[in-house]
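Written out below as structure tokens is the structure these notes cover.
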Amino acid sequence: MKIRSIELTNFCKFVGTFRVDNIGDNVNVLVGRNELGKSTLLKAINGAIFEKAKSTAAHVKAFRHFVNGTVPEVKLAFDIDGKSWTIHKRFAGQAGKSTLTCSDGRLFEDDAAEAELQRLLGFAGSRSGGEPGIWGTLWVQQGQSFGDAALDEHGQRTMQGCLEAQVGLVTGGTRGQKIPKAIKDALETLRSSKGPRGKFKDAMDRLAESKQETTDLEAKRQSVFQLMEDLARNKRELKQETDSWDDAAHRREVEAERTKRTVAATHAAELRSATDAAKLACERATQARKSVDDRAKAVAELESLELQLSDLSTASAGAVAAKADAQASVDTGEAKLSDLRSKTSRNAERARNLERIRAIVSLNGEIIQHQLTLDKAASLECEAGKLSELIGAIATTDAAVTRIEEAVTELSAADAAANAVATTVSFALEESALPSVALDGKALDAFATSLPILGKTVITIQDVGAITVEPQIKDRAALVARRDAAHEEVKAALETAGVMDLAAARTAAAQRKEYLRRSADVGKELANLAPGNRTKKLAAGLEALKGHLGELRGRLRVEMEKCGLAEIPGEDDLTSDIANNHAEGARFAAEIETAEAELAGPQDALAQADKKLLSARERLAGLNGTIETKKADLAAGRAGASDEQLTASAESLERDAVARDEQLAEKLRGQGETVEAIDARIKRLEGAAANHQRSVANLGIEVTRLTALIEANEGAGVEEMLLAAEAERDRLTNAIAEFEKEAAVLKLLSETLEAAEGEAKTRYLTPVISRVEPYLKMLLPGANIVLDEDLRIAAIQRAGQREDFDVLSGGTKEQLAVLTRLAFAELLLGQGRPATVILDDALAFSDDDRIESMFDVLMRAGDKVQIIVLTCRKRLFTRLGAAPLEIREAA
């Protein structure tokens, strides 16, 4: 696929029609400032291909201009398989339109156009639109080039199809992963990164314990060192006996004796009858003698048991007497202890009674305190009443003072305004002439030297005449009215406040404030007198306190009646009584402790006596049963044959056996080497292994004997325990060796499978890696890329070290992601599938050297793949040498 042009009309930020033409086959670069619309261009390409024109999805509606909301259109021209195609979409919701035209004259519209477009470009469709698949990886949007070139499910299927077409299907998958996983799980059950675990760790822990146990047993063995040395010698002899056995020589000797037996077999028949008879007689004699010995043994055991029974009866009688003495001592001690506990109980009852009296005294104190509070509250309420009367007697409030101040201020202002325009009449009169001069019929003030005149004024001079002054003042009536109104307001304000002047008003207001403050303080003090008590569920307020006081008095009366008190005792007397009672209780407790200690001895003696008596009785009962059983067995045996008869029968059978043996010996002396002799020799030779084992058994018997000697010297069982510990240690050592071997095998198997898996992955990923490697060598000489089975970048190998992708710098990650996308595109083109790479503001974190290398990579890849670079870095990308593109407004 080769994109040739893109035309946008009213798309997102573009108003009108804008085009990008002449997009070439190789590397193309569109450079523009921020917000020119480069990312919008990529958004339009995605929309033209993957979004349906009739879509009503929110992200499709967002294609409209964010201000005028006009219907957007996109026209994309591209070449594929030698034909030119143009897709034209008008995104108008249900009225939208899709048109796909081909250079061969074919025309597809709406759903047919969408379906044909999906077929051409190889992406999957859905009801809401197309799934970008591999295109979502090849077309890198702004800000998405920093991480791995991740493939979605559709993209992975596309790339896997290309890879399998080249290298075939690599075996494995889910089934192939089960075996390595099972091996890893098995290895993890034995060993983790911190060391052994599970049954492996348990075996190591038990080995450590076994080694410690062996060390401890060896230390104990030092006390019987000589005996243990003998035991070790016998063990060495046992080993020598085993090592000295020659199996080949033994077989040769047996074969020779069998040849001799064939010759002597004809002489053996006549001796068999005699031999059988002698054998039978011997067995009968042996059995008879055994019966005699068993009878004698039973009689001896019965006599011994009867002696033990007598001793036990005596011991039982002594135990009964000891128990009776101990019981008497215990009864005496318990009686004394019971008396002390009764006294202690009475002392405790008196202590509880004294505590109730103490509670009564405390309750009375609380009542007195509450009464004092109520008395104080009454005093404060009286004071508050007096203050209220004083406050009510003063009418001068802050508002009244403010009114007076405002009225005085207004009067001063009115006087000032009048004086400013008034006619001033000045007087210079002798004091003696003052009575003869009048102003509007009123005598002049002796201290007046001038007067402001607003209206018509008559100055009368006695015996002389009158002078009339008429000032010509504009707005005189208003000035006079203002001054008169101010005079009236001052007068009314002073009368309302009940004062003569402003100073008196201020003094009265201050006094009223003081009374109010004192009244508030009294109110607060009253409120604080009864704050309430949440613990006692007492509400705040004097009324609640009065109710509570009544309850307390009622409770006091009831408690005094319960305790039988006519009056409340003094605290000193009560304290003394409590102290004395407490001392008496302590004394009783000490005496009880002493009595209990004294009783412990008799109680222990009683327990011991009871235990001994019980043991004696149990042994006596068991011994009686044993004796009765043995007597019954002996009586049954004697009923069949008496002791004398049994002995006589045994002697007779023994004589018969001796006679038959002599007869057999006589016959044997007359014979040559008998079959039995040869058989005996053959048996000896054939039983060489048995003889060897018998020798080993004899040595084992000697070991047992030495062990018995060790037990006699308080070392019983040490050797066996040591041998068992050593055997357990060896077993655990072998088990640990097996675990280590198993872990090593599992680890080797896991590593082998990983190597095999790596080889399979390498073969599977070779088509991609082989296309990335040339570009990687240009960027990072000596480095190799590592991809996982999902075609994700896992790491790079350089300088013999593996560096995981996650730990690489952001710039290196971005560069590797671009190289991988180029490889994907080349692989797709190699399989005849469409591919174009678009990079929107990629390579943002590359240094100067790396960016030059990446430019070389892009130009080299451009020989095979069409690449469109969108960037805002004009100065830098002029060095790319790619074909320039421009966004032009259509004419």
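The values are calculated or read from the model by the stated rules, or taken from the named source; none is laboratory data. Keep in mind that this is a model prediction, so the values were computed, not measured. All Cβ positions, glycine included, derive from the backbone under ideal geometry; neighbour counts span all protein chains shown.
Brief remarks on what is shown
- Picking from residues in the range 583-604 that are at pLDDT 80 or above and among the aliphatic types (A, V, I, L, M), the one that is nearest to Gln327 (Cα to Cα) is Ala600.
- In the set Arg252, Arg233, Arg272, Arg258, only one residue is more than 30 Å from Leu699 (Cβ to Cβ) and at pLDDT 75 or above; that residue is Arg258.
- The residues on offer are Leu552, Leu556, Leu545, and the sole one that is touching a strand residue (DSSP E or B) at 6+ places or on another chain (Cβ under 8 Å) and more than 22 Å from Lys386 (Cβ to Cβ) is Leu545.
- Test: residue in the range 198-218 that is at pLDDT below 75 and surrounded by fewer than 13 Cβ atoms within 10 Å (Cβ to Cβ): no
Rundown of residues vs (1) buried (at least 20 other Cβ atoms within 10 Å of the Cβ); (2) without any contact (Cβ under 8 Å) to a residue 24 or more places away in the chain; (3) over 23 Å from Pro781 (Cα atoms), yes/no style:
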{"site": "Leu829", "(1), (2), (3)": "no, no, yes"}
{"site": "Pro834", "(1), (2), (3)": "yes, no, yes"}
{"site": "Val837", "(1), (2), (3)": "yes, no, yes"}
{"site": "Ser846", "(1), (2), (3)": "yes, no, no"}
{"site": "Asp849", "(1), (2), (3)": "no, yes, no"}
{"site": "Arg860", "(1), (2), (3)": "no, no, no"}
{"site": "Val869", "(1), (2), (3)": "yes, no, yes"}
{"site": "Arg875", "(1), (2), (3)": "no, yes, yes"}
{"site": "Ala883", "(1), (2), (3)": "no, no, yes"}
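- In the range 97-122, the residues that are over 25 Å from Leu828 (Cα atoms) and in contact (Cβ under 8 Å) with a residue 12 or more places away in the chain form Cβ pairs under 7 Å with partners that are among the hydroxyl-bearing types (Ser, Thr, Tyr) and assigned to a strand (DSSP E or B), at six or more places apart or across chains, as follows: Glu109/Ser98; Glu109/Thr99; Asp110/Ser98.
- Among the residues of the range 832-868, the one identified as closer than 10 Å to Leu30 by Cα and over 49 Å from the mean Cα position of the chain (by Cα) is Ile868.
- Any chance Lys2 is within 26 Å of Arg875 (Cβ to Cβ) and either in contact with a strand residue (DSSP E or B) (Cβ under 8 Å, 6 or more places away or on another chain) or not hydrophobic (A, V, I, L, M, F, W, C) (or both): no
- Residue count for the range 436-469, restricted to those that are over 15 Å from Val425 (Cα atoms) and among the polar types (S, T, N, Q): 2.
- Taken over the range 100-119, the residue count meeting the criterion of being touching a helix residue (DSSP H, G or I) at 6+ places or on another chain (Cβ under 6 Å) and either of a type outside the set (A, V, I, L, M) or not assigned by TED's automatic domain parsing to the domain that holds Ile49 (or both) is 1.
- Subset of the range 86-140 that is aromatic (Phe, Trp, Tyr) and buried (at least 20 other Cβ atoms within 10 Å of the Cβ) - its residue that is modelled with the lowest pLDDT: Trp135
- Of everything listed in (1) over 17 Å from Gly365 (Cα atoms); (2) touching a residue at least 60 places away in the same chain (Cβ under 8 Å); (3) exposed (fewer than 15 other Cβ atoms within 10 Å of the Cβ), the single unmet condition for Arg555 is (1).
- Here the condition is being without any contact (Cβ under 8 Å) to a residue 40 or more places away in the chain and outside the structural domain of Arg506 (by TED's automatic domain parsing); of Ile368, Ile461, Ile453, it holds for Ile368 alone.
- The range 606-636 - residue that is more than 20 Å from Thr314 (Cβ to Cβ) and within 59 Å of the chain's Cα centre (by Cα) and, of those, surrounded by the fewest Cβ atoms within 10 Å (Cβ to Cβ): Ala607
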